[in-house]
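What follows draws every value from the coordinates through simple rules; no lab data is involved. Just so it is clear, the model here is predicted, and its values are computed rather than measured. FYI the Cβ positions are ideal-geometry reconstructions off the backbone, even for glycines, and counts take in every protein chain you see.
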Amino acid sequence: MFVRLIKLLMILVLITLPLNLKAEVLVKQCSDSDIKGKFNLIIYSNSFINDPETFIILDRVDDNIKIAPYAPDFKYRAIENLDEKEALKIANEILKSSSVSTIKCSAIYDNGNIIGYELKPIYFLWIFGVLEPVETVYKKEGNSILIFIRLNPRVERQLNSGGDSVRDN
């Protein structure tokens, strides 16, 4: 009886789950040459050299949508009204290092329109044990897009345990 009830609940959840999810904000791969226009540049973290939480958001100025990290003010800073050339120059200065293999560019879409770009460093695998240490999720609330940021748990353990990615509990 109990097993039957659990199965029924699982089926019910699987059926109703797609009805509750809304894919309002999409993130798709792009290249630097796709980036055109005026932007507010948001630098997240960048607390130390090779800070694994560091990434950059280019928020389009000409739309009525504001992109912002869901984080305290001291965790990020913004530089306003930059053209794509200035924004990319700053992004490259911050993100490029000998530990970074490439910079990943992702376009942020809302209702089919590009509202900004996410630029993340892709590290060599031996640096943190993962290529992309910071994970981001975008959620729309009114005329704002909130960025929820999480450091990969493996990388977080490395930082908190002095560089050892495996910890005995």
* Sequence neighbours fewer than 8 away in the same chain don't count; with that in mind, list the lysines whose C-alpha is under 25 Å from LYS89. => LYS28, LYS36, LYS38, LYS66, LYS75, LYS104, LYS120
* To do: Starting at the first residue of region 145-159, write each ³J(HN,Hα) from the Karplus equation 6.51 cos²θ - 1.76 cosθ + 1.60 with θ = phi - 60°, in whole Hz, x for Gly and Pro.
  => 10, 9, 9, 9, 10, 9, 7, 3, x, 5, 5, 4, 4, 4, 5
* Structure fact -> Listed by chain and number, the residues whose amide H is under 5 Å from that of ASP63, excluding neighbours fewer than 5 places away on the same chain and using placed H, are none
* Place a label point 7 angstrom from the Cα of LYS140 along the Cα-to-Cβ direction, then list the residues of region 95-118 whose backbone nitrogen is under 19 Å away. => 106-118
* Asked: Got a sec to turn the phi values of region 130-140 into Karplus ³J(HN,Hα) couplings, 6.51 cos²θ - 1.76 cosθ + 1.60 with θ = phi - 60°, whole Hz, x for Gly and Pro?
  -> 9, 6, 10, x, 9, 10, 10, 9, 10, 9, 8
* To do: Give, in nm to one decimal, the length gained when the segment between GLN29 and LYS96 is fully stretched (0.36 nm per residue of separation minus the Cα-Cα distance).
  => 22.3 nm
* For region 23-153, what is the per residue volume of the convex hull drawn over the alpha-carbon atoms, in cubic angstrom? -> 107 Å³
* Asked: What trypsin sites (Lys or Arg not before Pro) in region 84-166 are in a loop by DSSP, with at most 15 other Cβ atoms within 10 Å of the Cβ?
  -> LYS96
